[in-house]
Amino acid sequence: MKDFIAGLPKCELHLHIEGTLEPALKLELARRNGLELPYASADEVRAAYAFDDLPSFLRIYYEGMQVLRTEPDFYDLAMAYLRKAAEQNVRYAEIFFDPQAHTSRGVPFGVVISGLRRALMDAEARLGVRAQLIMCFLRDFQAEYAMATLLESLPYKEWIVGVGLDSDEKGNPPVKFAAVYERARQEGYLLTMHCDVDQDDSIEHIRQAVEDIGVNRVDHGINILEDQRLVEVVLERGMGLTCCPISNGYVTDSMKAEGIRKLMDLGVRVTINSDDPAYFAGYVGENLEALQASLQLAPEELAQLERNAFEITWLPRHVKDSYL
Ligand code: HPA
Ligand code: ZN
């Protein structure tokens, strides 16, 4: 089964590039940028990763990314992920980045996206992994800052396929960003947003994302099972969910494998992804292995999960078809 999963052509649709910053690279970038970190080794960095919910994870995630300063830093970050992706037979990835996590500490938008873009181009040419960028807004910042970021992105529009929404969901519902999403749609961006697992208002947030904002897909979104009507809306529209089993196990009480099973049985286009693999210790291959071990999935079911992912990618139809 391990070999089958390793050989399966994969597609990753829920991956925060800042969440791929491995401890060794974190130390190297700190050294390169003349920053003092309170850790002497990669093991020490990892030993400090203590989280059991979304806010405790996010604190460590934002602290970690402060070593990212220059265009080559962002290039090296993305290239390291894309090399790992190629090793795991990931053929295509849609990659989130969090510009406000960098602009808010003085790193220009252009520095961030130029480094990421250069890595994507090199990876396609040298590794055969294709990827596109999704710009995420931080939902615990004001909507005005998201709008300013959206406007700042417009000169780079050709490099960004869509927008997302992440960070701390508590008290930050989708409708807070209704105007930002409307403008993003007008600009030609495709739309997704996080509706994280087991939040205070998960089902209402999913309803807002699907019905009020009209997103093209939902990130996480497993709590949709609480409302049969919404499941039917998603089925009718052929919408996908980007689920992240290992991540779920860190920020909630379980991987939510049974929920994923139910969604698969209902015919929802569920996909399996890694979220923040450097923090949750599992890339997409390990996520598929963990889910398979929990649900005893057959090879055909694993292949179907990858077909779901290729089907809901934001690629032109003819490119999508070349993967299916
Ligand atoms: N949820 C919300 N914000 C995030 C996540 C996540 O899973 N990963 C990185 N930022
Ligand atoms: Zn995420």
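Here V251 fulfils each of the conditions (1) modelled with pLDDT of 95 or more; (2) within 15 Å of ligand 1 (Cβ to nearest atom) apart from (1). None of A47, A101, A80, A143 is of a type in the set (G, A, S), out of contact with any Pro (no Cβ under 7 Å at 6 or more places or on another chain) and within 16 Å of ligand 2 (Cβ to nearest atom) except A101.
Looking at E87, E94, just one residue is surrounded by 15 or more Cβ atoms within 10 Å (Cβ to Cβ), closer than 30 Å to E286 by Cα and either modelled with pLDDT under 95 or among the charged types (D, E, K, R) (or both), and that residue is E94. Selection of the stretch 138-169 for residues being part of a strand (DSSP E or B), hydrophobic (A, V, I, L, M, F, W, C) and surrounded by 21 or more Cβ atoms within 10 Å (Cβ to Cβ) yields L138, I160, V163, L165. So which residues in the stretch 219-234 are assigned to a helix (DSSP H, G or I) and in contact with a strand residue (DSSP E or B) (Cβ under 9 Å, 6 or more places away or on another chain)? Answer for the stretch 219-234, where residues must be assigned to a helix (DSSP H, G or I) and in contact with a strand residue (DSSP E or B) (Cβ under 9 Å, 6 or more places away or on another chain): I222, N223, I224, V234.
Conditions (1) within 24 Å of D98 (Cβ to Cβ); (2) of a type outside the set (G, A, S), marked per residue:
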residue	(1), (2)
E204	no, yes
V210	yes, yes
R237	no, yes
C244	yes, yes
R261	no, yes
L288	no, yes
S294	no, no
P299	no, yes
E306	no, yes
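Here the stretch 247-276 is the region considered, the condition is being surrounded by fewer than 19 Cβ atoms within 10 Å (Cβ to Cβ) and among the basic types (K, R), and the residue that is nearest to R307 (Cα to Cα) is R261.
Residue-by-condition table, conditions (1) assigned to a helix (DSSP H, G or I); (2) of a type in the set (F, W, Y); (3) on the phi > 0 side of the Ramachandran plot:
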| position | (1), (2), (3) |
| --- | --- |
| G19 | yes, no, no |
| A50 | no, no, no |
| E63 | yes, no, no |
| I95 | no, no, no |
| G106 | no, no, yes |
| G110 | yes, no, no |
| G115 | yes, no, no |
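In the stretch 212-248, the residue that is farthest from ligand 1 (Cβ to nearest atom) out of those that are among the basic types (K, R) and over 15 Å from D166 (Cα atoms) is R229.
Checked across the stretch 180-191, the condition of being in contact with a Gly (Cβ under 9 Å, 6 or more places away or on another chain) and part of a strand (DSSP E or B) holds for at least one residue. For the stretch 201-221, taking the residues that are among the hydrophobic types (A, V, I, L, M, F, W, C) and more than 15 Å from the chain's Cα centre (by Cα), the one that is nearest to M135 (Cα to Cα) is identified as V215. When the stretch 1-17 is filtered for residues that are assigned to a helix (DSSP H, G or I), away from ligand 2 (no atom under 16 Å from the Cβ) and not charged (D, E, K, R), the ones remaining, listed by number, are F4, I5, A6, G7. For the stretch 45-78, residues that are over 16 Å from the mean Cα position of the chain (by Cα) and closer than 25 Å to A119 by Cβ total 17.
So that you can scan it fast, the table gives a plain yes or no per residue for (1) in a helix (DSSP H, G or I); (2) touching a Ser or Thr at 6+ places or on another chain (Cβ under 9 Å); (3) touching a residue at least 60 places away in the same chain (Cβ under 8 Å):
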position	(1), (2), (3)
G171	no, no, no
E204	yes, no, no
T242	no, yes, yes
K262	yes, no, no
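Every residue, every condition in (1) within 16 Å of ligand 1 (Cβ to nearest atom); (2) surrounded by fewer than 19 Cβ atoms within 10 Å (Cβ to Cβ); (3) farther than 29 Å from D140 by Cα, yes or no:
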| site | (1), (2), (3) |
| --- | --- |
| L13 | yes, no, no |
| E18 | yes, no, no |
| N33 | no, yes, no |
| F51 | yes, yes, no |
| S56 | yes, yes, no |
| M65 | yes, no, no |
| T70 | no, yes, no |
| D73 | no, no, no |
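Residues that are out of contact with any strand residue (DSSP E or B) (no Cβ under 7 Å at 6 or more places or on another chain) and within 16 Å of ligand 2 (Cβ to nearest atom) within the stretch 170-200 comprise K170, N172, D198, Q199, listed in sequence order.
The values are calculated or read from the model by the stated rules, or taken from the named source; none is laboratory data. In this text, all values refer to a predicted model and were calculated from it rather than measured experimentally. All Cβ positions, glycine included, derive from the backbone under ideal geometry; neighbour counts span all protein chains shown.
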